[in-house]
Amino acid sequence: MAKMNMLHAINSALDITMAEHPQACIFGEDVGYFGGVFRATSGLQEKYGKHRVFNTPLTEQGILGFANGLAAFGAPALAEIQFADYIFPAFDQIVNESAKFRYRSGNEFNVGNLTIRTPYGGGIAGGLYHSQSPEAYFAHTPGLKVIVPRNPYQAKGLLRAAIKDDNPVLFFEPKRLYRASIGEVPEEDYTIELGKAEVVQQGTDVTLLAWGAQMEIIEDAAKQASEQGISCEVIDLRSILPWDVEAIAKSVTKTGRLIVSHEAPITNGFGAEIAATIGQECFLHLESPIMRVCGLDTPYPLALEKEYVPDALKVLAAIKQSMDF
Amino acid sequence: MSNPNNVSLNINHKLEFIDGNALTIPTLSILTEDGEIHTGATAPDISKHTAIKLYETMRFIRLLDERMQGAQRQGRISFYMQCLGEEAAVTASAAALDQNDMIMAQYREQAALHYRGFTLDQFMNQMFSNELDLGKGRQMPIHYGSKALNYMTISSPLGTQIPQATGYAYGQKIKHIDAKTGELASTIDNITICYFGEGAASEGDFHAGVNMAAVHQAPVIFFARNNGYAISTPADEQFKGDGIASRGVGYGIKTIRVDGTDALAVYAATKKAREIAVSTGEPILIESIAYRLGAHSTSDDPSGYRSKDEEANHQVCPIDKFRKWLIKQDWLNEADDVKAKESIREEILAALKRAEVVAKPALEELISDVYDTPIPSLQRQYEQLKAHIKLHPDAYPVTAGRIK
Ligand SMILES: Cc1ncc(C[n+]2csc(CCOP(=O)(O)OP(=O)(O)O)c2C)c(N)n1
C-alpha cells in the first residue's frame, strides 16, 4: 500500500496497462511530455515513448475518431478529453460510433478496447465550461459503460476494470478531488467490478445515493443527520451504466426512503432514471417520495456557485423532509 | 477528361506527387526591430491618431496583463490570460477595422476590445464577477463581451466561433441583397473578423467554418494567431503543413501571412483584407506569426514543457518595435510615455479595488437568461432555493442579505 492522490492512482492504473499491453496507447491534448493539464499521464511518455504516449492536435472529434479506429484494430486506446465540457465535439464519434460499432456490424468489429478518461464536475470556480457533469447524456446511449470513482482507491481499481472491460467505457474523474482526495492504494494491480454499487455506510432510516465528488457531500450530510438521531445508509453508485438496481432496491427496502444527489441539472439527470426504477421496484416499501437534490436547470454558474450546488445543507434539509413526510 | 467541378485539370504524363510542403507562403514584414521600415517595404497609410491609439492600447494591455497576473497570484481573481507577445497582432488588426465590424474572438484578444472602448472598469467588473459585469458573473475571468462594441461574448469551447463568424458575416452580406433582383446591390458596409489560435484551427469547426465561408462567399476575415503553442503542445505536434495559411489556399480563399510582432504589417494586411471583403464579399485568411511569451494562463507552468533558452530566443517585444517607429515619426515622446505608464498603473490598481468590493449578482441572476423568461420548473426551483437560503442565511452570505 502507498499513500496516493487520485492523479497518482490513475497514473498507476495507466502505467500497469502500458506495461501489460505493448500496443496500448495514451493520447489526447497535452498528455505527452507535459503529462496533461492535470498531470495524470506524467512520466508515461518518458517510460513508453512518443509512439505510445502522445499529444494529439486540438480536436476532440479527431481524438475519438482515431480512438475508435485504433480500438477496432485491437489496440487498447486510452483517450483523454481535457475537460468533460469539451467532450461534445466528439459526441457523434462516441454516441453513433463507439456505442454502436459492435451492434451494427454483428460483432464483426467492435471497440471494446476503448477507454475515455475525462475530468468532470464543479467546485473549482470554473464557471459553465469547466464544471459540467455530462454523464446523463452518455447514460442514455446503449452500448457504452459509464463509470465515476470517488477516491484514489476506487479510481485505480475501476479504471483498470474499465480498461479490461470489452466495451467502450467513459471514465469521469472528479477533478475537484484530483489532489484533494488522498488514500491508501495498493501499488500492484487490482480491479473493482463494474456495474456494482458500494454501501459506504450502513444505516436504517434513509438511503443516500450519489457518485463521484458528490459522495463527500452526502457523507457530510449523513454525519450531520446522525447527530440529530437519523441513521443514513450511504451508497456510492460508482457505475452509472450499467447501474446496480438490486443493491439500491435492497437498501431502500430496508430504509424505506431514498435521496439521490448529483451536481448535474435535475431534469433528466441520472437521478430521474433511478427514481423511476426504484419507485417501481420498492413501491410498497417506500415511506416517503424518492427525493432528488441536484443542480438547478441552468448552466453551471460562477459567482453563485455556492447557491447552485447541491451542498450538504440541502441534502440534510431533504433528509429531514423525507423523515417528516 | 471531363471536369467534375471547378478544379482545372492540368494533365501530366509523369507519376509525380506534390510535396506536402510545396506551398511555402511568405511572411509580410514591414518594421525592423529598431523601428525602421525594411528596405523594399512600404509603410501603410496610417494616421497619427490611429497609430497613437494603437500604441496606447498595446501599452495599456501590457500593464493590465501584468497587474492582473499579479492579482491572480494574490488570490484576488481566480484566473487570468495574458496576450504577452501578441499585442501588435491583436491591436493592429482591430485598428484596421470599422468600429461596427463584428469581432469574434477566442480569449486572448482583450486588446481588440480595449481598442473598441471597453473601459478599465468594465474589464475589472467581468474579472471580479460582480453585479456590474455585463455577463452577470457567470463566466470565468477574461470571457468578455459587449454588444455596444460589436464584440461577441467569449465562449470557452475552442473553435466554436469560427463557423459562427461565417454565418454572422453572411448576414452582414445579405443585408445588401436587392429584394427584387436577388443580386448584391452595393458594397458591404460591415464585415466580421474571427480570431483563433493555431491549436483551435485543428478543431472540426475550423474546417467547417472556413469551407462554408469559401463556398458561400461570406465577408469574414479569419485571423489565425499562430503563437507556437497550444498550452504545452508545440505547433509541430499540431500540424504538418505550411502553417495555417496553406489551408486558406486549400479551401480556395485569399490568404496572407504576416509577422505578428509587426504592428504595421498586421495593420496593412488587415486593412487590405477588409477592403477586399467589403467590395467582393470574399473571406480572407490572415495568419499572424508571433510567440506566446508568457504562460498559457495562470493555471499553466511553461517551465514544464519549454526551456529558458527557447524563450530567450523569442524575446521580440512588439510594443517596443512600434514605439521606436513612433518616436522616429516624432509622434511620441519618451518622457511622456514613462509618465503615462505610471498613471495607468495607478488607475488599474484603483479600478481593481473598486471592482473588488462591488456586490455579486443577485440570486435572481441564477435563473435569468437561461430562457427569455424562466420556465415554470425553473421558477419553482428558484422559489425552493430562496426558501432554503432564508432558513440558512449564514451558509449563503453572498445572496442571503438581499433576498426579498
Ligand atoms: C473544445 C475545447 N477543447 C479543449 C479546450 C481546452 N483548452 C483551452 S485553451 C487550449 C489551447 C488553445 O491553443 P491555441 O488555439 O493555439 O490558442 P493560444 O492559447 O495559443 O492563444 C486548450 C486545449 C477548450 N477550451 N475547448
*Identify all residues within segment B:244-261 that are within 16 Å of the ligand (Cβ to nearest atom), open to solvent by 10 Å² or more (accessible area, probe 1.4 Å) and in a loop (DSSP other than H, G, I, E, B); write none if there are none.*
B:Thr261
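Name the residue that is farthest from the other protein chains (Cβ to nearest Cβ), counting only residues in segment B:221-237 that are assigned to a loop (DSSP other than H, G, I, E, B) and crowded, with 23+ Cβ neighbours inside 10 Å. Spell out the reasoning first.
Here is the first cut: in segment B:221-237, the ones assigned to a loop (DSSP other than H, G, I, E, B) are B:227-228, B:231-232.
Checking which are crowded, with 23+ Cβ neighbours inside 10 Å leaves us with B:227, B:232.
On the way: B:Asn227: 13, B:Ser232: 4 Å.
Of everything passing the filter in segment B:221-237, B:Asn227 is farthest from the other protein chains (Cβ to nearest Cβ).
Counting just the residues of segment B:112-142 that are farther than 20 Å from B:Ala355 by Cα and touching a strand residue (DSSP E or B) at 6+ places or on another chain (Cβ under 7 Å), which one comes out farthest from the ligand (Cβ to nearest atom)?
Taking segment B:112-142 and keeping what is farther than 20 Å from B:Ala355 by Cα, we get B:112, B:115-116.
From the residues that got through so far, the ones that are touching a strand residue (DSSP E or B) at 6+ places or on another chain (Cβ under 7 Å) too are B:112, B:116.
Numbers: B:Ala112: 13, B:Arg116: 20 Å.
Out of the qualifying residues, it is B:Arg116.
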*For segment B:143-157, which residues satisfy the criterion of being within 14 Å of chain A (Cβ to nearest Cβ) and either touching a residue at least 40 places away in the same chain (Cβ under 8 Å) or over 12 Å from B:Ile103 (Cβ atoms) (or both)?*
B:His143, B:Ile154, B:Ser155, B:Ser156, B:Pro157
*asked:* Checking the conditions here, which among A:Ala317, A:Ala249, A:Ala312 is out of contact with any Lys or Arg (no Cβ under 9 Å at 6 or more places or on another chain) and within 10 Å of chain B (Cβ to nearest Cβ)?
replied: A:Ala317
_Unmet criterion (only one of (1) buried (at least 23 other Cβ atoms within 10 Å of the Cβ); (2) under 29 Å from B:Glu33 (Cα atoms)) for B:Ala218_ = (2)
*Can you tell me which of B:Thr42, B:Thr24, B:Thr57 is in a helix (DSSP H, G or I) and among the hydroxyl-bearing types (Ser, Thr, Tyr)?*
B:Thr57
*asked:* Just the residues that are in contact with a strand residue (DSSP E or B) (Cβ under 8 Å, 6 or more places away or on another chain) and not in a helix (DSSP H, G or I), please, taken from segment B:159-174.
replied: B:Gly159
*In segment B:245-287, which residues are charged (D, E, K, R) and without any contact (Cβ under 8 Å) to a residue 40 or more places away in the chain?*
B:Lys254, B:Lys272, B:Glu275
*Return only the number of the condition from (1) open to solvent by less than 10 Å² (accessible area, probe 1.4 Å); (2) of a type in the set (Val, Ile, Thr); (3) more than 11 Å from the ligand (Cβ to nearest atom) that B:Ile177 does not satisfy.*
(1)
*Can you spot a residue in segment B:109-124 that is surrounded by fewer than 24 Cβ atoms within 10 Å (Cβ to Cβ) and within 14 Å of another protein chain (Cβ to nearest Cβ)?*
no
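Listed residues A:Leu78, A:Leu70; which is open to solvent by 30 Å² or more (accessible area, probe 1.4 Å), over 24 Å from B:Gly197 (Cα atoms) and in the same structural domain as A:Leu158 (by the TED database)? Give the derivation first.
Details: A:Leu78 fails: open to solvent by 30 Å² or more (accessible area, probe 1.4 Å).
Of A:Leu78, A:Leu70, the one residue that is open to solvent by 30 Å² or more (accessible area, probe 1.4 Å), over 24 Å from B:Gly197 (Cα atoms) and in the same structural domain as A:Leu158 (by the TED database) is A:Leu70.
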*asked:* As an exercise: evaluate B:Leu264 against (1) open to solvent by less than 40 Å² (accessible area, probe 1.4 Å); (2) among the hydrophobic types (A, V, I, L, M, F, W, C); (3) farther than 29 Å from B:Ser186 by Cβ; (4) within 16 Å of the ligand (Cβ to nearest atom) and give the number of the one condition it does not meet.
replied: (4)
*For B:Asp189, which of the numbered conditions (1) more than 23 Å from B:Cys317 (Cβ to Cβ); (2) part of a strand (DSSP E or B) fails to hold?*
(2)
*asked:* What's the number of the only condition in (1) more than 20 Å from the chain's Cα centre (by Cα); (2) surrounded by fewer than 19 Cβ atoms within 10 Å (Cβ to Cβ) that B:Leu134 fails to meet?
replied: (1)
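Quick one: which residue in B:Ser377, B:Ser343 is in a helix (DSSP H, G or I) and farther than 30 Å from B:Ala290 by Cα? It would help to see each step written out before you state the result.
Numbers: B:Ser343 fails: farther than 30 Å from B:Ala290 by Cα.
Just one listed residue meets the conditions, B:Ser377.
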*Considering segment A:111-128 alone, what residues qualify as being outside any loop (DSSP other than H, G, I, E, B) and open to solvent by less than 30 Å² (accessible area, probe 1.4 Å)?*
A:Leu114, A:Thr115, A:Ile116, A:Arg117, A:Thr118, A:Pro119, A:Tyr120, A:Gly127
_Residues that are within 16 Å of the ligand (Cβ to nearest atom), more than 14 Å from chain A (Cβ to nearest Cβ) and either surrounded by fewer than 23 Cβ atoms within 10 Å (Cβ to Cβ) or assigned to a loop (DSSP other than H, G, I, E, B) (or both), drawn from segment B:61-108_ = B:Asp65, B:Gln69, B:Gln82, B:Cys83, B:Leu84, B:Gly85, B:Glu86, B:Ala105, B:Arg108
_I want to confirm something. Restricting to segment B:267-295 and keeping residues that are open to solvent by less than 20 Å² (accessible area, probe 1.4 Å) and in a strand (DSSP E or B), which single residue is farthest from B:Ser29 (Cα to Cα)?_
B:Ile284
*Sort out which residues of segment B:189-224 are closer than 26 Å to B:Gln99 by Cβ and of a type in the set (Ser, Thr, Tyr), and write them in order of number.*
B:Thr192, B:Tyr195
*Quick one: which helices (runs of 4 or more DSSP H) lie wholly within segment A:19-110 and hold at least 1 residues that are closer than 23 Å to A:Gln132 by Cα?*
A:60-73
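State whether one or more residues within segment B:350-357 are within 12 Å of chain A (Cβ to nearest Cβ), surrounded by 11 or more Cβ atoms within 10 Å (Cβ to Cβ) and not in a loop (DSSP other than H, G, I, E, B). I'd like the intermediate steps shown before the answer.
Applying the first criterion (within 12 Å of chain A (Cβ to nearest Cβ)) to segment B:350-357 yields none.
No, segment B:350-357 contains no residue that is within 12 Å of chain A (Cβ to nearest Cβ), surrounded by 11 or more Cβ atoms within 10 Å (Cβ to Cβ) and not in a loop (DSSP other than H, G, I, E, B).
Kindly indicate which of A:Asn151, A:Asn167, A:Asn107, A:Asn96 is open to solvent by 10 Å² or more (accessible area, probe 1.4 Å), at positive phi and not hydroxyl-bearing (Ser, Thr, Tyr). I'd like the intermediate steps shown before the answer.
Details: A:Asn151 fails: at positive phi; A:Asn167 fails: at positive phi; A:Asn96 fails: at positive phi.
Answer to the selection: A:Asn107.
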*Filtered residues of segment A:247-280 (kept if open to solvent by 10 Å² or more (accessible area, probe 1.4 Å), among the aliphatic types (A, V, I, L, M) and out of contact with any Gly (no Cβ under 9 Å at 6 or more places or on another chain))*: A:Ala247, A:Ala249, A:Ala272, A:Ala275, A:Ala276
*Search segment B:143-161 for residues being more than 11 Å from the ligand (Cβ to nearest atom) and among the aliphatic types (A, V, I, L, M), and hand back the single one that is nearest to B:Ala213 (Cα to Cα).*
B:Met152
*Could we say that A:Ser181 is of a type in the set (Gly, Ala, Ser) and open to solvent by 30 Å² or more (accessible area, probe 1.4 Å) here?*
no
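Only one residue in B:Ala169, B:Ala201 is open to solvent by less than 50 Å² (accessible area, probe 1.4 Å) and within 16 Å of the ligand (Cβ to nearest atom). Which one? Walk me through it before giving the result.
Working: B:Ala169 fails: within 16 Å of the ligand (Cβ to nearest atom).
Result: B:Ala201 is the single residue among B:Ala169, B:Ala201 that is open to solvent by less than 50 Å² (accessible area, probe 1.4 Å) and within 16 Å of the ligand (Cβ to nearest atom).
The values are calculated or read from the model by the stated rules, or taken from the named source; none is laboratory data. This is a predicted model, so every value here is computed, not measured. Here the Cβ is made from the backbone with ideal geometry for all residues, glycine too, and neighbour counts use every protein chain on show. Surface areas here come from the heavy atoms of the whole protein model, side chains and all, with no ligands, DNA or RNA. Shrake-Rupley method; radii C 1.70, N 1.55, O 1.52, S 1.80 Å.
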